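Since the structure comes first, as structure tokens, the remarks are kept for the end.
The values are calculated or read from the model by the stated rules, or taken from the named source; none is laboratory data. Bear in mind that the values here come from a model prediction, so they are computed numbers and not experimental data. Positions of Cβ are backbone-derived with ideal geometry, glycine not excepted, and every protein chain shown enters the neighbour counts.
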């Protein structure tokens, strides 16, 4: 089976590895252009490109798939299937029509829920208990194509988006392998999505991370988990930005002002919310490193009755 792979970030690497280990005939790998990263703004190589080069697979990094030369190159490859995993570019109908057996996408949600760029993060932010991987036949819509296979997993009570990302990336590769086996044998199903059940998972931004202490402790805890490692949930302590890296929830019926620091132990900071208490266990102030509260309190203080976010 001749395959063209399109993907860019770490999430896509396990899927590419499945193709390599399965000895598929990979005609080329398409990934986003190298981009400046970090304080030094040095050009960073996408993880998918790095993996492809390790295995001497030809890499293409077009700024747009609408380039006639790129379309021509794809047609010349004559792929049976184009596999797309977190590529970062929209495929036109002309591209979708090139492979004889279609374009297949690996998506990190149980479609039709969480279509869009941030399915892993939004599942956690919204307090979902389960999520998973869906493979689908791509069409011109945004994650609207007919579904092939689904595999679900439970989300841990304190699991972060980064941790869930890694588990789903691995699962995505496994489900892709099963999907291609079914496509090759002609037994791959086509299950239409119920558009009445759909939800959207837009790309995240830094503003999303600002904590509203009037929300419940569970909602804030989910925001914290869902924004790790980026964009991070944050508040302010005496005007200084405080990012929260780890939290838990404690049920509490007492009335406090939302955001008030109500208690401090050697390794925990208890903060009032609209309902229950949020316990901060790991934090980071601007210019500093992420520290366990126990480490931070060795040379610093947090005062009770201060209201965070004011």
Problem set entry | Residue among 93, 63, 129 that is surrounded by fewer than 17 Cβ atoms within 10 Å (Cβ to Cβ) and within 20 Å of the chain's Cα centre (by Cα) | 129
For this session: For the range 86-101, indicate whether the set of residues that are over 22 Å from residue 144 (Cα atoms) and without any contact (Cβ under 8 Å) to a residue 60 or more places away in the chain is non-empty.
Result: no
Seminar exercise, completed: Wholly inside the range 12-67, strands (runs of 3 or more DSSP E) that include 3 or more residues that are without any contact (Cβ under 8 Å) to a residue 24 or more places away in the chain are 35-37, 42-44
Exercise. Which residue out of 265, 235, 248 is modelled with pLDDT of 95 or more and under 19 Å from residue 206 (Cα atoms)?
Worked result: 235
Seminar exercise, completed: Flagged pairs (Cβ under 7 angstrom, 6 or more apart or on separate chains; first in the range 190-217, in contact (Cβ under 8 Å) with a residue 24 or more places away in the chain; second part of a helix (DSSP H, G or I) and surrounded by 14 or more Cβ atoms within 10 Å (Cβ to Cβ)) are 201/119; 201/122; 204/121; 211/220; 211/223
Problem set entry | Residue check, residue 124 crowded, with 19+ Cβ neighbours inside 10 Å, touching a residue at least 40 places away in the same chain (Cβ under 8 Å) and more than 16 Å from residue 12 (Cβ to Cβ) | yes
Seminar exercise, completed: Apart from one, (1) surrounded by fewer than 24 Cβ atoms within 10 Å (Cβ to Cβ); (2) outside any helix (DSSP H, G or I); (3) more than 12 Å from the chain's Cα centre (by Cα) all hold for residue 111; the odd one out is (1)
